[in-house]
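Only one structure is covered here, and it is reproduced in the block below.
The values are calculated or read from the model by the stated rules, or taken from the named source; none is laboratory data. Everything quoted here is computed from the prediction, not taken from an experiment. FYI the Cβ positions are ideal-geometry reconstructions off the backbone, even for glycines, and counts take in every protein chain you see.
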Amino acid sequence: MASKRDYYETLGVSRDSDAEEMKKAYRKLALKYHPDRNPEDREAEERFKEAAEAYEVLRNGEKRRIYDLYGHAGLEGTGFTGFGGSEDIFSAFGDIFEGFFGFGGRKSRRTGIRRGNDLRYDLELSLEEAYRGKEEELVFDRWEFCEGCGGSGMEPGSEPEMCSHCQGRGEIIRSQGFFQIRTACSTCGGTGQVIVDPCKECQGNGKLRVERKVLVKIPPGVDTGTQLRIKGEGEPGNKGGPQGDLFVVIYVKEHHFFVRDGDDLRCQVTISFIQAALGTEVSIPVFDSDEDKIITIPDGVQPEEIIRLKGMGMSSLRRGKGYGDLSVKIIVKIPTRLSQKQRELLTEFVELENQKIGTKTRDFWDKIRGA
Ligand SMILES: [Zn+2]
Ligand SMILES: [Zn+2]
């Protein structure tokens, strides 16, 4: 067996850290290595267990004292063995997992009351839809209480029996040295009762997979990663526990013309060097109208110059009805094939430019001579 890591090192806390710091450190690790987040990942599972064991020892004054004095060997002497599996960890530290996004709710050992699971729905939107906001009907399957048995899982008219494994207590208490380790009874799932005549409609599950439609209002300005929480649209809780929530996670697709940068948009337009010199007008698509918007490019605009248009960017979630800006980058194209006439005109233009330079140069020498 590989040697065990130091508990303080495992949690990433100093040896004099207090309960609050340790709880925070453990919560962070538990979230990171949570089995729901790392399915089938043995390494994460080990880390998850390792962190729970470290926290179990360090949060307990007596165990911590023994560990500080005698290390791992000292605890082994007391019969402490850590945790067998994730279920033990959930039942030991239920409150730590409360409020974790997307994970199963807390299970109260005494009553079996449990908040329903949160659900996640990934919604893909175009940039235009994200700009305008929209109403979307989400269709998904979720567990709902079986109407046949009212969610009890028992055939109507039948009675449950006391769980013989835990004598109806719902938990198993193992004594090891002078420690007691409590875990939820796996036979009855912590309820203390077992169903002998399961409901035929739901096979004793108490729940059925049902198609659900929810109309969701997507506000303007959402971006990739935005989470909308629809309260009470998750799965039902156990024994009257509250319904979980539905989280709509937004993904905004790339646009062919605009690049999004927070509340701002960027795009580029290509004009000829003549247009750059003389100034021009270009049309740009806008999301709040079917018609393009005409914008004016001033004469003398330089290649790669950026024109910033206030309020022509994305609608903003943060600023309510506000909008970001649009940055238009000017790409200047140099013609590669000129007609005879164009060549003549440009040659004439160059001569004019030369004269201009010539005049200036002459002025310069005149000044020198005059001085
Ligand atoms: Zn039991
Ligand atoms: Zn049923």
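Name the one entry in Arg174, Arg212 that is closer than 30 Å to Lys63 by Cα and not β-branched (Val, Ile, Thr).
Going through Arg174, Arg212 in turn, the sole match is Arg174.
The set of residues from the range 158-181 being within 16 Å of ligand 2 (Cβ to nearest atom) and among the small types (Gly, Ala, Ser) comprises just one member, Ser158. Exactly one residue out of Ala52, Ala44 is small (Gly, Ala, Ser), within 23 Å of the chain's Cα centre (by Cα) and modelled with pLDDT under 90: that is Ala44.
When every residue of the range 42-58 is checked against the conditions, none turns out to be surrounded by 13 or more Cβ atoms within 10 Å (Cβ to Cβ) and assigned to a loop (DSSP other than H, G, I, E, B).
Scanning the range 135-173 for residues that are surrounded by fewer than 16 Cβ atoms within 10 Å (Cβ to Cβ), within 15 Å of ligand 1 (Cβ to nearest atom) and not in a strand (DSSP E or B) yields Ser164, His165, Gln167, Gly168. Tallying residues that are exposed (fewer than 15 other Cβ atoms within 10 Å of the Cβ) and either touching a residue at least 24 places away in the same chain (Cβ under 8 Å) or not in a strand (DSSP E or B) (or both) within the range 228-245 yields 4. I need the full set of residues from the range 316-346 which are among the polar types (S, T, N, Q) and under 22 Å from Ser283 (Cβ atoms), in order please. If the condition is that a residue be among the polar types (S, T, N, Q) and under 22 Å from Ser283 (Cβ atoms), then Ser327 is the only one that fits.
In the range 64-81, the residue that is farthest from Ser17 (Cα to Cα) out of those that are buried (at least 17 other Cβ atoms within 10 Å of the Cβ) and modelled with pLDDT under 85 is Phe80. Selection within the range 182-213: residues that are buried (at least 20 other Cβ atoms within 10 Å of the Cβ) and part of a strand (DSSP E or B). The member of this set that is nearest to ligand 2 (Cβ to nearest atom) is Ala184.
Annotation: of all residues in the range 262-308 being in contact (Cβ under 8 Å) with a residue 60 or more places away in the chain and touching a helix residue (DSSP H, G or I) at 6+ places or on another chain (Cβ under 9 Å), the one that is nearest to Asp223 (Cα to Cα) is Leu265. Cβ-Cβ distances below 7 Å connect the following pairs, each with a first residue in the range 200-223 that is on the phi > 0 side of the Ramachandran plot and at pLDDT 90 or above, a second residue that is part of a loop (DSSP other than H, G, I, E, B) and away from ligand 1 (no atom under 16 Å from the Cβ), and a separation of six or more residues or different chains: Gly221/Met314; Gly221/Ser316; Gly221/Leu317.
All conditions but one from (1) in a loop (DSSP other than H, G, I, E, B); (2) farther than 18 Å from Gly61 by Cβ; (3) among the basic types (Lys, Arg) apply to Arg15; the one that does not is (2).
Of the residues making up the range 334-345, not a single one is modelled with pLDDT of 95 or more and touching a Pro at 6+ places or on another chain (Cβ under 8 Å).
Taken as a whole, the condition of being farther than 30 Å from Thr191 by Cα, acidic (Asp, Glu) and surrounded by 14 or more Cβ atoms within 10 Å (Cβ to Cβ) does not apply to Glu254.
Within this structure, Tyr121 fails the test of being within 28 Å of the chain's Cα centre (by Cα), surrounded by 20 or more Cβ atoms within 10 Å (Cβ to Cβ), more than 13 Å from ligand 1 (Cβ to nearest atom) and among the aromatic types (Phe, Trp, Tyr).
Within the range 92-110, is even one residue of a type outside the set (Ser, Thr, Tyr) and at pLDDT 85 or above? Looking for residues that are of a type outside the set (Ser, Thr, Tyr) and at pLDDT 85 or above, one finds none in the range 92-110, hence no. In summary, Val248 fulfils each of the numbered conditions (1) touching a residue at least 24 places away in the same chain (Cβ under 8 Å); (2) of a type in the set (A, V, I, L, M); (3) not in a strand (DSSP E or B) with the single exception of condition (3). Look at the range 4-20: where a residue is at positive phi and a partner is buried (at least 16 other Cβ atoms within 10 Å of the Cβ) and in a helix (DSSP H, G or I), sitting 6+ places away or on another chain with Cβ atoms under 6 Å, you get Gly12/Ala25.
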